[in-house]
Amino acid sequence: MNPLDLNLRIAVRPQPVLAALKSLVLPGLGQWHNGQIDRAVWWFLAFALLSVPSVAVVALWLPPAWTAPALAAGLLLTLGVWVGSIVDAWRMARRGVAAGMEPLPGLAAGGTPVWRMAGVTLLLIVLCDLVALPLLIMAVRAHVVAPYRIPSASMAPALWPGDFIFADKRYACVGCSAPVQRGDVALFAYPNDRTMIYVKRVVALPGDRVLVRGAEVRVNGEPFSVPPAADPPAAELAAARVPPGSLPAAQRPAELDLSVPPGHVFVLGDRREASTDSRDFGAVPLQDVVGRARQVWFSWGADGVRWERLGHVVR
């Protein structure tokens, strides 16, 4: 045996517990510790792709009835990959596979392989946990799909307080295949506090004539109505908070008649008496529309989980 090979084998002797602990911190890191670089990359990619992009698949392409079981299956698979990475790192180290793998070139002082140095391990954790995964999550949330929680009853009965929804972000943007249409339940930046995201129904498009007289809404002379849906329990409606900035009915004009400016949309809450909408802050610029409510993936109310709401398509 070549003396250099012998020195490497001695330097990279198996450390099963340390390898397992590293994969506990970051899937694939234990394989990296063992010197199995390719194996480490595949474990990390499997974890990253299951934990983030798979949610987009569930939210946008699977039938609504599959939402809850698909999310549960995705969570179990992600946990399975994480645990599998830990077990694999421990088993490979126990078998001494690391001693026979092709090491990275160069050894640190004292014969420690470069890939096992504390600084290299810390750098990998930072790059993967604090850079790669957050960037992947941000890209998916910004351009594909994002989750939101509904805090108020302003969009009841379409959305209940306590609903957790997926919003399609491929909407109202340059090159997007889904333009804004009347009747869409859209998410947008609240004009008076752009750190807040509001969800309302698009009633009128640029150039439309809108008449709001009490509960009556007309667009271009035609009555506007929302799709029928089941109302949430009265107790939950009473307990739901009114969105900040909402004007009392007595302070609003009895009649509102206007034309929607170019590049804007007019939005209203389905539950008009408890909604802050275009009656309060005017028409919303299309550039501030950030997504369209797609479906409810989880819902929690006064009595616990609302199982009947899971997978509910927002209309």
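The values are calculated or read from the model by the stated rules, or taken from the named source; none is laboratory data. Note that the structure is a prediction, hence the values are computed from the model and not measured. Neighbour counts are summed over all protein chains in view; Cβ atoms, including those assigned to glycine, are modelled from backbone coordinates with ideal geometry.
Things worth noting here:
- Flag not set for ARG194, criterion: surrounded by fewer than 17 Cβ atoms within 10 Å (Cβ to Cβ), over 16 Å from ASP288 (Cα atoms) and not hydrophobic (A, V, I, L, M, F, W, C).
- Scanning the stretch 35-65 for residues being over 25 Å from MET138 (Cβ atoms), part of a helix (DSSP H, G or I) and modelled with pLDDT of 80 or more gives a total of 3.
- Residue satisfying all of: in the stretch 32-50; free of Cβ contacts under 8 Å to residues at least 40 places away in the same chain and in contact with a helix residue (DSSP H, G or I) (Cβ under 8 Å, 6 or more places away or on another chain); farthest from VAL17 (Cα to Cα) among these: LEU50
- Scan of the stretch 261-315 for residues that are buried (at least 21 other Cβ atoms within 10 Å of the Cβ), farther than 18 Å from SER152 by Cα and among the polar types (S, T, N, Q), ordered by number: none
- Test result for ASP208, modelled with pLDDT under 95 and not aromatic (Phe, Trp, Tyr): no
- Near pairs, Cβ below 6 angstrom, 6+ apart or cross-chain, from the stretch 196-223 (free of Cβ contacts under 8 Å to residues at least 12 places away in the same chain and not assigned by TED's automatic domain parsing to the domain that holds VAL267) to any residue that is of a type outside the set (Asp, Glu) and in a strand (DSSP E or B): none
- Taken over the stretch 130-150, the criterion of being surrounded by fewer than 13 Cβ atoms within 10 Å (Cβ to Cβ) and farther than 20 Å from THR78 by Cβ is satisfied by ALA142, ARG149.
- Residues of the stretch 79-118 that turn out to be modelled with pLDDT of 75 or more, under 37 Å from the mean Cα position of the chain (by Cα) and over 19 Å from TRP42 (Cβ atoms), as a count: 2
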